[in-house]
Amino acid sequence: MSENVGNRYLVIVGAIIVQLCLGTIYAWSVFQDVLETGSGYGWDRLYTQLPFAAGLASFALFMIFAGRWQDRVGPRKVATVGGILLGAGYILASLVDTLGLGSDSVMGTIYLVITYGIIGGAGIGFAYVCPIASLVKWFPDKKGAITGVAVAGFGGGALIFLHVEQFLLALSGGYVGMPFLILGIVYLVGVILGAQVLSNPPAGWTPPGWTPPQSTADGAGTGMTPSGMIRTTSFWLLWLIFVFAATAGLMTLGNVVRAAKEIDPLVNALGLGALIGGIMSIFNAAGRIVWGALSDKIGRVTTMILMFLILALAMFGFSAIALGPNSWIVVTAVASVIGFCFGGNFALFPSATADYFGSENVGKNYGVVFTAYGIAGIVGALVAGVFGQMAGYSLAFLITGILAIIAVVLTVILKFTRKE
């Protein structure tokens with residue numbers, strides 16, 4: 001028994017290593033800025049949104065397959081495949097300049113959508129679900145908190161790699177090819193190494209001294225499969241809530257640096273973009289732990305309502321400050337609140353999935369729930385790209401604030417329709 005208890009803490013280490021590498025997708029804003037304003041590029045804002053949106057959509061789509069596969073063969077093999085795909089996507093993306101596609105915004109966009117977006121996103125999708133599914137099984141007594149710790153690495157990865165990317169871009173003279181190559185190698189090695197310590201506990205294992213509570217899973221108890229899950233009202237409410245809540249945070253993460261430069265010229269003059277993105281990433285990572293731990297104490301749904309209300313207020317605040325000149329400090333403060341609330345999604349939704357539909361098939365079930373995130377990535381990119389280009393970021397943030405309010409309303413409905 002002591003060996004098993006030791007194993008579960010080792011799994012945390014592997015999970016954090018994997019998630020740190022996967023969090024690179026949230027550092028896209030640094031590349032986006034270069035592709036829009038760099039001397040060798042000059043792409044339209046909508047074009048620079050598309051590789052990021054494709055990455056999120058691919059991430060969500062392939063997580064469905066990864067969840068099913070890892071429930072059969074375990075997390076180690078699936079996460080290893082994820083590392084190979086993520087590294088390959090970035091290494092292939094590094095050829096964008098060599099092939100002369102950087103100066104052609106249409107062909108360059110298509111190429112990055114395929115390599116960085118679809119291939120790299122698939123790698124994230126394969127690897128992401130493995131640490132979560134494994135840790136929920138190892139820590140059934142602390143589902144919210146342990147999920148928060150696991151996915152905090154994902155938010156923290158953006159903090160680290162924002163600065164790494166900025167350094168590499170400076171080293172390469174403002175071209176994205178070389179940074180993509182180096183990062184691809186780092187992610188290939190990092191994810192594969194972290195994956196080797198991921199494992200599932202023996203069948204029927206429980207933490208010493210812990211008695212499982214009476215199941216609150218819908219319908220079929222703890223063994224519910226996706227086909228049964230999608231027939232429940234709880235699933236569709238949870239899925240829609242995830243779409244609306246994630247759209248707001250994703251649009252901010254993908255555009256905070258660019259928006260800050262438009263609001264305060266000092267951001268560009270003093271090179272503060274990575275600092276702002278990094279601070280937001282710290283709060284993103286912290287939110288995953290704090291909201292996850294809080295949900296273990298006061299319940300998932302109550303925590304969601306509180307979190308989405310704060311998110312909505314922050315989105316409306318960002319809309320107001322985007323109307324005219326303002327200090328980068330104010331921008332960073334509001335963006336940090338958004339990041340803090342956005343991060344909580346990734347602790348609350350997987351643990352709610354395990355609560356409602358059981359831990360046995362949480363990998364495949366959460367893979368289906370997570371398709372909401374892919375939809376949110378596309379919606380967020382379109383809102384930022386279309387409305388941000390036409391009417392500025394104020395309108396874009398106003399729209400996502402309204403979406404956060406819709407998430408609150410749906411969560412209240414979920415609270416009153418849940419079968420406990």
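Restricting to segment 313-354, name every residue that is more than 19 Å from the chain's Cα centre (by Cα), in a helix (DSSP H, G or I) and surrounded by fewer than 24 Cβ atoms within 10 Å (Cβ to Cβ).
L313, F316, G317, S319, A320, I321, W328, I329, V330, T332, A333
Quick check, is N284 in contact with a Gly (Cβ under 8 Å, 6 or more places away or on another chain) and assigned to a helix (DSSP H, G or I)?
yes
Quick one: would you say L46 is surrounded by fewer than 19 Cβ atoms within 10 Å (Cβ to Cβ), farther than 22 Å from Y393 by Cα and in contact with a Leu (Cβ under 9 Å, 6 or more places away or on another chain)?
no
Quick check, is G83 at pLDDT 90 or above, closer than 21 Å to Q196 by Cβ and within 19 Å of the chain's Cα centre (by Cα)?
The answer is yes for G83.
How many of the residues making up segment 17-47 are over 18 Å from G184 (Cα atoms), in contact (Cβ under 8 Å) with a residue 24 or more places away in the chain and not charged (D, E, K, R)?
Result for segment 17-47: 10.
The values are calculated or read from the model by the stated rules, or taken from the named source; none is laboratory data. Model, not experiment: these values are computed from the prediction. Here the Cβ is made from the backbone with ideal geometry for all residues, glycine too, and neighbour counts use every protein chain on show.
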